[in-house]
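The values are calculated or read from the model by the stated rules, or taken from the named source; none is laboratory data. Given the structure is predicted, the values throughout are model-derived calculations rather than measurements. So basically every Cβ, Gly included, is an ideal-geometry build from the backbone, and we count neighbours across all protein chains shown. Note: areas computed on protein heavy atoms with side chains; ligands, DNA, RNA excluded. Shrake-Rupley method; radii C 1.70, N 1.55, O 1.52, S 1.80 Å.
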Amino acid sequence: MEIKDFFDTKINIVKKEQVDKDELLKPFNNESPIVDFNNVLKKTRSLSNKSENVLDEMKVMNYFKEQLSEYAIKYQLDSNYFLINNSGPILVVKTKQGQHYIKPTHFERGAYFSSPHFDHELNYSATQVPKIKIGKYTRFGQNSAVNVGANITIGDCVWLAPGSILLRQEHDAYGQPSIGARTVSMTNQPSIKIADFAWVGRDVIVGWSAGYIGKASIVGARSFINKWVGDYSIVGDHSKILKYLPFKAYLFEYFAPTLEDVLRISDWQRVEKQWTIFYKQHAEDYEKGFLES
């Protein structure tokens, strides 16, 4: 066997001494669904970089929603192919110490979605473009990034903290040297779902195998995770489970609080302590009821 036996004869390599500007821009000017999709993401990112206040941040999300809607109409996609819920009023949370704003779903300055290696996929059909679904009161922190190489579902009241990155592409690290790995096209990665009230900490990198980040879970700052994160858990680097939060599970599953209810809880440690005492007092009753059922 020779090395040429591994060559893909469909790949054509053209040698050029130089490339002019028009040729460099050709992929961006090409008429195709993937180019149009990339342009929506690119223009939204440009607007996000120019945001100066709260109202600008909300306008960017509204622009993103409108552009995706127009894209779906143009390519006759199902009406729920892209769903973004940025409805609702600004909530002002007032405490003894001061106040802060809870805004409808928005991009903070510099937050963006990107389409990996779109120029390798110029023959993509519109139905191969990833689906995007975002719930209400979700916050994309400053310079956070979502790499749209697969379907993205983000629930209600989620926070992607500043600098966090959701990766949805993969390079063949085992099979190609670095210069070759750059030519790997956008791959069909597992979709990702981030459940309601999840918090992805500052500068976190969410790898391509982390297909689920659980309800009311927390991913610690500057962690790299590449596995599923369970509901009501705190994880650190490499998805190491640091703690489970059973009191949150009880609160959310038994009482089903609204966002306003959650915002009225001023001392979560006190809630956890009281829940723990309550559970210990009634543990035998819980276990007996479970065994009898």
Self-check item: Pairs with Cβ under 9 Å, 6+ apart, first in segment 1-27 and closer than 25 Å to F118 by Cα and in a helix (DSSP H, G or I), second modelled with pLDDT of 85 or more and not polar (S, T, N, Q)
Solution: E23/K16; P27/V35
Practice problem: Among the numbered conditions (1) in a loop (DSSP other than H, G, I, E, B); (2) in contact (Cβ under 8 Å) with a residue 24 or more places away in the chain, tell me where V262 comes up short. | Solution: (1)
Quiz prompt | Subset of segment 163-191 that is outside any loop (DSSP other than H, G, I, E, B) and either open to solvent by 40 Å² or more (accessible area, probe 1.4 Å) or among the hydroxyl-bearing types (S, T, Y) (or both) - its residue that is modelled with the highest pLDDT | solution = I165
Quiz item: From the set of residues in segment 79-88 that are assigned to a loop (DSSP other than H, G, I, E, B), modelled with pLDDT of 95 or more and over 13 Å from T138 (Cα atoms), which is most open to solvent (accessible area, probe 1.4 Å)?
Solution: N80
Quiz item: If you go through segment 103-128, how many residues are within 16 Å of the chain's Cα centre (by Cα) and modelled with pLDDT under 95?
Solution: 3
Quiz item: If a residue has to be assigned to a loop (DSSP other than H, G, I, E, B) and in contact with an Asp or Glu (Cβ under 9 Å, 6 or more places away or on another chain) to count, how many in segment 89-104 make the cut?
Solution: 1
Self-check item: Subset of segment 17-50 [open to solvent by 100 Å² or more (accessible area, probe 1.4 Å) and over 29 Å from Q142 (Cβ atoms)]
Solution: E17, Q18, K21, D22, L24, K26, N29, E31
Quiz item: If you scan segment 250-282, which residues turn out to be hydrophobic (A, V, I, L, M, F, W, C) and either in contact with a Leu (Cβ under 7 Å, 6 or more places away or on another chain) or within 26 Å of Y101 (Cα to Cα) (or both)?
Solution: L251, F252, F255, A256, L259, V262, L263, I265, W268, V271
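Which residue out of E260, E284, E272 is at pLDDT 85 or above, more than 17 Å from the chain's Cα centre (by Cα) and over 27 Å from E170 (Cβ atoms)?
E260 is the lone residue from the list that is at pLDDT 85 or above, more than 17 Å from the chain's Cα centre (by Cα) and over 27 Å from E170 (Cβ atoms).
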Self-check item: Residues satisfying the stated conditions in segment 224-246, i.e. open to solvent by 10 Å² or more (accessible area, probe 1.4 Å), out of contact with any Lys or Arg (no Cβ under 9 Å at 6 or more places or on another chain) and part of a strand (DSSP E or B)
Solution: F224, I241, L242, K243, Y244
Quiz item: Which residues, counting only those in segment 40-61, are assigned to a helix (DSSP H, G or I), among the basic types (K, R) and over 23 Å from P130 (Cβ atoms)?
Solution: K59
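Here's the yes/no breakdown for (1) crowded, with 20+ Cβ neighbours inside 10 Å; (2) part of a loop (DSSP other than H, G, I, E, B); (3) at pLDDT 95 or above:
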{"residue": "K193", "(1), (2), (3)": "no, no, yes"}
{"residue": "D196", "(1), (2), (3)": "no, yes, yes"}
{"residue": "W208", "(1), (2), (3)": "no, yes, no"}
{"residue": "R222", "(1), (2), (3)": "no, yes, yes"}
{"residue": "K248", "(1), (2), (3)": "yes, no, no"}
{"residue": "F252", "(1), (2), (3)": "no, no, no"}
